[in-house]
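What follows is a short report on a single structure.
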Amino acid sequence: MTDTSLPTTVGGPDLPQERRLLTAVPGPRSQEKLARRARHVAKGVGTTLPVFVEAAGGGVLVDADGNSLIDLASGIAVASVGNSAPHVVDRVTEQVRAFTHTCFMVTPYDVYVDVCERLAELTPGDHEKKSALLNSGAEAVENAVKVARAFTGRDAVAVVDHAYHGRTNLTMAMTAKSMPYKAGFGPFAGEVYRAPMSYPFREPVEISGSAAADRAIDVLEKQVGVGNLACLVIEPILGEGGFVVPADGFLPRLREWTAANGVVFVADEIQTGFCRTGDWFACDHEGVVPDLVTTAKGIAGGLPLSGVTGRAEMMDAVHVGGLGGTYGGNPVACAAALGSMQTMQELDLAGRARQIGSLVIDRLSSIADKHECLGEIRGRGAMIAAEIVGADGHLPDAVRTSAISTYCHSQGVLTLTAGTYSNVLRFLPPLVTSDALLTEAFDVVAAAFDATA
Ligand code: PLZ
């Protein structure tokens, strides 16, 4: 008889931290599972790398064929503390044993309040803050807009070019890119207006951050009217848009203008938050203090949780019962968040993100010396991207980008792409990845540039 008290597969940081290829990627067992997936899972749900994962931890994913892949994705910036991080596993296990759900709106519990208290401490600014917890990033963005509308009594929502805010109806309207996020899914929510972003690599002529902000402000003042504008929602560094870091001064100028005009400044820190950029939040780098911050992804070590945190008077502008949802702030997800934040603090993962950033930038710089197609290296902390261009040094090269990524996958390194023009390689390793593993991963990335030249 087999001992069923023990899980057959254990992930977490004790997994051997190595790249190990036993078969082609995907191997035969993953291929079999893929055929089953195709029978039962809707086609619209895409796959970046079709291997079936059986365990993960630290900086690796182990697939059904026993291959150990280096993870440069973290499940899109989620597993920052690594998969099955010990504090997350312990707190989740304890919580699952105690109770799994009551619905916070029916009968409250401590871990929800604990997470809100931590969010108030960790998000930028030392003003009085309150939070509401939800399930997904898109839901957090939707709720931030509800709060801003309730507080201001205004309707309009401003977003920027290349923005990504989610796949629900309102957040599809707020997201810029049509394919694959919006095509065929309209009509979209109204009263969403798009302003030009600061995208230093793609400006026709060099423009300062504050001048780029004035360009956006001009569009909003003339085409929307500040009196109609409830909020400006912006990612301090674009995520899906290609890790675009706006020119210095862009965010501070927008912050100043929104404050002067009664517009709620919402920082969407869903991808940038929780140590990813080398600080707790990306707004911290320029000393920008948003009115509201949306969080998700890295917050809870892989369990679904998101939040809106902001000025107490804004959060409290909504009538009782106006915010919530059945699962929002689920106790198991909240326990995971507390374990994840504890890990970030104990291991100084913000500091580690900065170290990872310099290693990655170093490696990409030597690739750029050899390959002119690497048009720009940008990002902060462990959120670094390489924009891939054609021989003119400017035209986006999505084909080469995809070829580089595909090569990495075949060699057991999980990379992601991004960008409006699908020509950005983005690197989001778990913040607990070792230097040795990163070095090996970037040897493969370098080989991918050579092999696709
Ligand atoms: N805001 C800044 O990055 C999620 C989406 C991947 P959800 N980004 C990854 C995909 O193809 O669906 C994201 C984000 C920013 C909002 C969201 C939305 O978060 O948890 O996916 O709803």
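Here are the numbers:
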{"quantity": "DSSP-assigned coil residues among GluC sites (Glu not before Pro) in segment 76-154, each with at most 13 further Cβ atoms within 10 Å", "calculated": "Glu128"}
{"quantity": "About the Cα centre, charge dipole magnitude for the chain (Lys/Arg +1, Asp/Glu -1 at Cβ), debye", "calculated": "1260"}
{"quantity": "Cα-centre dipole for segment 87-347 with unit charges at Cβ (Lys and Arg positive, Asp and Glu negative), debye to 20", "calculated": "740"}
{"quantity": "Dipole of the chain, positive direction: furthest Cα of Pro246, Phe188, Ala337, with charges on the beta-carbon", "calculated": "Phe188"}
{"quantity": "Dimensionless Rg ratio for segment 159-283, taking C-alpha atoms and the 2.2 N^0.38 Å reference", "calculated": "1.03"}
{"quantity": "Relative contact order (%) - the chain, alpha-carbon pairs under 8 angstrom, separation at least six", "calculated": "21"}
{"quantity": "Whole-number D in µm²/s for the chain (Stokes-Einstein; Kirkwood sum over Cα pairs; 37 °C, 0.692 mPa s)", "calculated": "145"}
{"quantity": "Sequence-distant lysines (8 or more away, or on other chains) whose Cα lies within less than 26 Å of Lys33", "calculated": "Lys43"}
{"quantity": "Kirkwood-type radius of segment 46-190, with distances r between different C-alpha atoms, in Å", "calculated": "18.9"}
{"quantity": "Near-label residues of segment 388-414 by backbone N, under 19 Å of a point 7 Å along Cα→Cβ of Glu18", "calculated": "411-414"}
{"quantity": "For segment 87-347, Kirkwood radius (reciprocal of mean inverse C-alpha pair distance, Å)", "calculated": "18.6"}
{"quantity": "Relative contact order of segment 15-74, defined on C-alpha pairs under 8 angstrom at six or more residues apart (%)", "calculated": "45"}
{"quantity": "Solvent-accessible ranking of Phe52, Phe265, Phe151, largest area first, probe 1.4 Å", "calculated": "Phe151, Phe52, Phe265"}
{"quantity": "Beta bridge orientation in the chain: antiparallel %, DSSP, nearest 5", "calculated": "65"}
{"quantity": "Separation of alpha-carbon centers, segment 322-357 and segment 52-105, rounded to whole Å", "calculated": "12"}
{"quantity": "Two-site FRET efficiency, Glu313 against Asn228, from Cβ-Cβ distance with R₀ of 22 Å, rounded to 0.05", "calculated": "0.55"}
{"quantity": "Cα convex hull volume per residue for segment 264-385 (Å³)", "calculated": "134"}
{"quantity": "For segment 409-453 and segment 190-243, distance of Cα centres in Å", "calculated": "30"}
{"quantity": "Helix-derived mean residue ellipticity, 222 nm - over the chain, DSSP H n ≥ 4, -39500 (n - 2.57), to 500", "calculated": "-11500 deg cm²/dmol"}
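The values are calculated or read from the model by the stated rules, or taken from the named source; none is laboratory data. Note that the coordinates shown come from a computational prediction; the quantities given were computed from them, not determined experimentally. Positions of Cβ are generated from backbone atoms using ideal geometry, with glycine treated the same way; all protein chains shown enter the neighbour counts. For the accessible areas, the whole protein counts, side chains as well, though only heavy atoms, and no ligand, DNA or RNA atoms are used. Shrake-Rupley method; radii C 1.70, N 1.55, O 1.52, S 1.80 Å.
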